[in-house]
1. Going through Leu26, Leu57 one at a time, which residue ends up being out of contact with any Leu (no Cβ under 8 Å at 6 or more places or on another chain), of a type in the set (A, V, I, L, M, F, W, C) and at pLDDT 95 or above?
2. Within the range 117-125, identify whether any single residue is under 24 Å from Gly281 (Cα atoms), surrounded by fewer than 16 Cβ atoms within 10 Å (Cβ to Cβ) and of a type in the set (Gly, Ala, Ser), and answer yes or no.
3. Can you find a residue that is in contact (Cβ under 8 Å) with a residue 24 or more places away in the chain, in contact with a Leu (Cβ under 7 Å, 6 or more places away or on another chain), within 21 Å of Val33 (Cβ to Cβ) and buried (at least 19 other Cβ atoms within 10 Å of the Cβ) anywhere in the range 137-145?
4. I need a count of the residues in the range 191-200 that are closer than 26 Å to Pro238 by Cβ and loosely packed, with under 13 Cβ neighbours inside 10 Å.
5. Let me confirm something: among Arg172, Arg203, which residue is over 21 Å from the mean Cα position of the chain (by Cα), of a type in the set (Lys, Arg) and surrounded by fewer than 17 Cβ atoms within 10 Å (Cβ to Cβ)?
6. Take the range 55-100 and flag every residue that is without any contact (Cβ under 8 Å) to a residue 24 or more places away in the chain and either of a type in the set (A, V, I, L, M, F, W, C) or touching a Gly at 6+ places or on another chain (Cβ under 9 Å) (or both).
7. For the range 239-256, does any single residue satisfy the condition of being touching a Pro at 6+ places or on another chain (Cβ under 9 Å) and crowded, with 21+ Cβ neighbours inside 10 Å?
8. Taking the range 247-273, which residues are of a type in the set (A, V, I, L, M, F, W, C) and touching a residue at least 40 places away in the same chain (Cβ under 8 Å)?
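The values are calculated or read from the model by the stated rules, or taken from the named source; none is laboratory data. In this text, all values refer to a predicted model and were calculated from it rather than measured experimentally. Here the Cβ is made from the backbone with ideal geometry for all residues, glycine too, and neighbour counts use every protein chain on show.
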Amino acid sequence: MAYDLEFGFRPLAMDVIAGPITIETLDGLEDRVAEVEQSDQKYQDWIYSPRQKIKHLGTGEIYYAPYAARVFGLPNTHIIRHIEDVGLGHLQFHIWSLGFFTGQRLSATEAGFLDATPLKPGKLNDFELLGDSLPKAVQLAEAYWLDNMHDRKQLARFEAAIHALFLAQNPRLLQFEAFMFLYTALDACFKMMKESLSGPHPRTHGERTIWMCEQYGVPVPEWAEPDGGTEIADLRNPAIHEGLYVGEPLGFAVEGQGANRNLNLQMQAVVCRLLVAIVGGAETDYVKSDVTSRQRHGLRLP
């Protein structure tokens, strides 16, 4: 059982008391931040996985492979504590939620980062927490855990949706790769909502997004309207089953050329609003804010 867990990487101090949970900044934050900032893995406010070191079995010589190690670690910068005797998964769930609300991947594992992660908060969501919303976000996560502690799959889906949302924003991804991660995040949201909300549920992929938006008052994007509701399903199905994206082999065509929209960006916006609503922030103005804007929004939790 666990009472506390160190995690990172966050370059800013964060000290929070939220009910039974305390989050504190570890000593030496400036030195740990400087270490990462000076890394040759850093490029334009992102840090990438290091080059893969290979040791020759015969000579023992070290050389570098032409591909990255993919998974990597960063220094811990904070610690989360729970006053009760809780399981490790409980604290890890809070770290996932905290990462979502602060817009930065956080991890307590030795190699908890995949391919690339931003070094600054706010890069992986489209909102800024206002006022005392950070401790309230921690309290929402605690309440969600307690409500679903006997259904670990539901908790895992919440973490998985966040992870897919974050993976989709790797700057090195091709458009179709980001699209597939975002579609996965939407599907995870649908499964969580299907398990928790009563009433009839959509039977087809094309009906899912509009149904999810309507449950929480999220503005319905044009590609989820009844006339175009199968649009993302029509992209996803041939990509999965036929290796075709926008009618071409994967990576040889992009969606939206000549159109005044960014489908992936709008999908990110919908996922962010659904996750806030699912965890308990459904009544906020943010959840009902425009999903077609490129601007960041304020999120004030009740």
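1. Residue meeting the stated conditions: Leu26.
2. Yes; the residues of the range 117-125 include at least one that is under 24 Å from Gly281 (Cα atoms), surrounded by fewer than 16 Cβ atoms within 10 Å (Cβ to Cβ) and of a type in the set (Gly, Ala, Ser).
3. No, that holds for no residue.
4. 0
5. After applying the criteria, what remains is Arg203.
6. Listed by number, the residues that qualify are Leu57, Ile62, Ala65, Ala69.
7. yes
8. Those that are of a type in the set (A, V, I, L, M, F, W, C) and touching a residue at least 40 places away in the same chain (Cβ under 8 Å): Leu250, Val254, Leu263, Met267, Ala269, Val270, Val271, Cys272.
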